[in-house]
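Here is the structure we will look at.
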Amino acid sequence: MIFYFDMDGVLADFDSSAPKNSQALNHPSESMSDTEKQAKRQFWQTIEQNKNFWRNIPLFPGIKDVLKSAQTKGELFVLTKTPGAKHFIGGQDYVNFVTKEKIDWILKNMPEFFDEKHIIVCDGKKGALINPTATDILIDDRAENITEWEQHNGRGILFDEISRVIKEINKL
């Protein structure tokens, strides 16, 4: 069994570090109005202006207990996405910086669970990238990522409450 953990909102408490009153902007923009899309771009540019944003995100409270439970059942990977370059003044150069920052954050904060070969940073759909089997588990805070993963035959666990997620893992 392989567990894939999202980073932002699962391993890392992204919302506690994000610009206040803007968490809804960290979601797909397909159904957003032009005004909302502009606000989303500003959201990401505010993050871009804080050079230490990615390295200073705190661990999600209780996440190491989740990882310990999963570790008894299988192999652990991080499967995290980068925001799209279109959101940033620095474009793809900034996305490359975010990729490096995310890897460094994981290696610094969770070396007992992940090494560099167990970190996957992507810019597209997680299920399409991995092509999971029924024994590949994605733990993610976004329902749309779980749905997409399950459409590719994987199993998803929505990360919403630590104790519930641990119970789901222990049932496997």
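Every number here is computed from the coordinates shown, using simple stated rules; none is lab data. Keep in mind that what you see is a predicted model, and the values were worked out from it rather than measured. Ideal geometry is used to build each Cβ from the backbone, glycine not excepted, and the neighbour counts take in all protein chains shown.
In what sequence do Glu36, Glu168, Glu75 fall when counting other Cβ within 10 Å, fewest first?
Numbers: Glu36 14, Glu168 18, Glu75 11.
Lowest to highest Cβ neighbour count: Glu75, Glu36, Glu168.
Say the dipole of region 2-171 comes from +1 at the beta carbon of Lys and Arg and -1 at that of Asp and Glu; which of Asn50, Tyr4, Thr35 then lies farthest toward its positive end?
Farthest towards the positive pole: Asn50.
Amide H neighbours of Phe88 under 5 Å, at least 5 residues apart or on other chains, H built in the peptide plane: list them.
Excluding prolines and chain starts, which carry no amide H, there are no hits.
Quick query: amide H of Ile119 versus all other amide H atoms, modeled in the peptide plane; which residues come in under 5 Å with a sequence gap of 5 or more or a different chain?
Under 5 Å from the amide H of Ile119 lie the amide H atoms of Val78, each far enough along the sequence or on another chain.
Measure out, as a whole number of angstrom, how far apart the alpha-carbon centroids of region 123-149 and region 65-116 sit.
Centre-to-centre (Cα) distance: 15 Å.
So what is the relative contact order of the chain, in percent, for Cα pairs below 8 Å that sit 6 or more residues apart?
28
Under 5 Å between amide H atoms, partner at least 5 residues away or on a different chain: which partners does Leu59 have, H built in plane at 1.01 Å?
Long-range HN contacts for Leu59: Asp13.
Based on Cβ point charges of +1 for Lys and Arg and -1 for Asp and Glu, what charge dipole magnitude is obtained for the chain about its Cα centre, in debye rounded to the nearest 20?
Its charge dipole is roughly 160 debye.
Subtract the Cα-Cα distance of Gln71 and Asn50 from 0.36 nm times their separation in residues, and report this length gain in nm to one decimal. Kindly include the intermediate steps, with their values, before the conclusion.
Details: separation 21, 0.36 × 21 = 7.56 nm, distance 3.38 nm.
This chain segment gains 4.2 nm when fully extended.
Rank Tyr94, Leu129, Ile139 by how far each Cα sits towards the positive end of the charge dipole of region 2-171 (+1 on Lys, Arg Cβ; -1 on Asp, Glu Cβ) and give me just the farthest.
Value computed over the given set: Tyr94.
In straight Cα distance, which lysines are under 20 Å from Lys20, not counting same-chain residues fewer than 8 positions off?
Counting by Cα, and skipping residues close in sequence, Lys20 has these lysines nearby: Lys37, Lys40, Lys51.
Counting only helical runs of four or more DSSP H residues, what would the 222 nm mean residue ellipticity of the chain come to if each run contributes -39,500 (n - 2.57) and the total is spread over all its residues?
Numbers: 7 runs with 72 residues, N = 172.
Theoretical 222 nm ellipticity from helices: -12500 deg cm²/dmol.
Please report the equivalent ellipsoid semi-axes of region 2-171, computed as sqrt(5 x eigenvalue) of the Cα gyration tensor, largest first, in whole Å. Before the final figure, lay out the partial values.
Working: eigenvalues 135, 65, 46 Å².
Largest first, region 2-171 gives 26, 18, 15 Å.
Looking at the chain, do any whole DSSP H helices span at least 20 angstrom along their long axis by alpha carbon and average -1.0 or above on Kyte-Doolittle, and which? Spell out each step's value before the answer.
Details: long enough: 34-49 (22 Å, -1.88); 91-109 (27 Å, -0.63).
TM-like helix candidates: 91-109.
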